[in-house]
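The values are calculated or read from the model by the stated rules, or taken from the named source; none is laboratory data. Note that the structure is predicted; figures quoted are calculated from it, not measured. These area figures cover heavy atoms from the full protein model, side chains too; ligands, DNA and RNA do not enter into them. Shrake-Rupley method; radii C 1.70, N 1.55, O 1.52, S 1.80 Å.
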Amino acid sequence: MEGDEEEDYMSDSFIKQDVRPGLPMVRRVKEAIQKEEKQKEANEKNRQKSIKEEEKERRDLVLKSALGNENKGFALLQKMGYRSGQALGKSGEGIVEPIPLNIKTGRSGLGHEELKKRKAEEKLENYRQKLHMKKQANEQAADQFRIRFKNKQEERKMEGDLRKSQRACQQLDMQKVSEKLHILTAYLRKEHFYCIWCGTTYEDSEDLSSNCPGDSAADHD
C-alpha cells in the first residue's frame, strides 16, 4: 500500500514536488534544509538540558543521603569509636555534618567568582566614597552659607551702628556749635555792644537793650 503511506516531507520526491507554484526549486530546498537544522538544534538543546537536570538530581540525592557502612571513610571512623550524629574531635567540639560541596556549573575559569566578588566590592566601595564626598561637599556648602549669612548680619549691624554714630556726632557737634555761638554772641554784646543779627554796634549796654529788637537769636529769627 505504498500509495496510502505518508510521504516523508524531507524525501526527494516531496522536495521536488511543485507544492508552491512559481517558487524556485532552490529556495524550497534551502527552506527545507534550514527547517531540518533548526529542529536538530532544538532537539540537541533539549537533550543537553535534560542531561544536566538528571546530573543535578543525582548529585543532590547523593549529597542529601547519609553515609553508610559501605563508605570506607565512614567505616574507618566507626572502627575508631565514632557514632553517627557525634561531633568530631577528642572533646566533641568538631563539626557534625560533612563540609558542604560547592558545585561549579558554569564555564568560567578558576578565580572568576572571586574576581567578580572583588569587582563588586570595589564598585560598592567607590559608590560609598562618592556618597561620602557628596555629603562632605553639601556640609561644606551649608557651612559656607551659614558663614556668609552671619557675615551679612554682622555687616548690616555695623552699618546700623555707623549710622547711629553719625547721627550722634552730628547732634553733639550741633550742640557744641550752638554753645560756642552763644558764648561768642554774648561776648560781642557785652564787650562791644554788637548784635550779629542786627549788624549794629550800639553806644552802650543801655542803648543795646533799648534799641536791639531782642537779646537772643530766637528774637531775631
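Numbers below:
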| read-out | value |
| --- | --- |
| Fully extended contour minus Cα-Cα distance, from SER91 to ASP161, at 0.36 nm per residue | 16.6 nm |
| Accessible area, probe 1.4 Å, largest first, for residues GLU155, GLU57 | GLU57, GLU155 |
| Accessible area (Å², 1.4 Å probe, nearest 10) - GLU154 | 90 Å² |
| Exposure ranking of ASP143, ASP60 by accessible area [1.4 Å probe, largest first] | ASP143, ASP60 |
| Order of exposure, largest accessible area first, which applies to THR200, THR185 with probe 1.4 Å | THR200, THR185 |
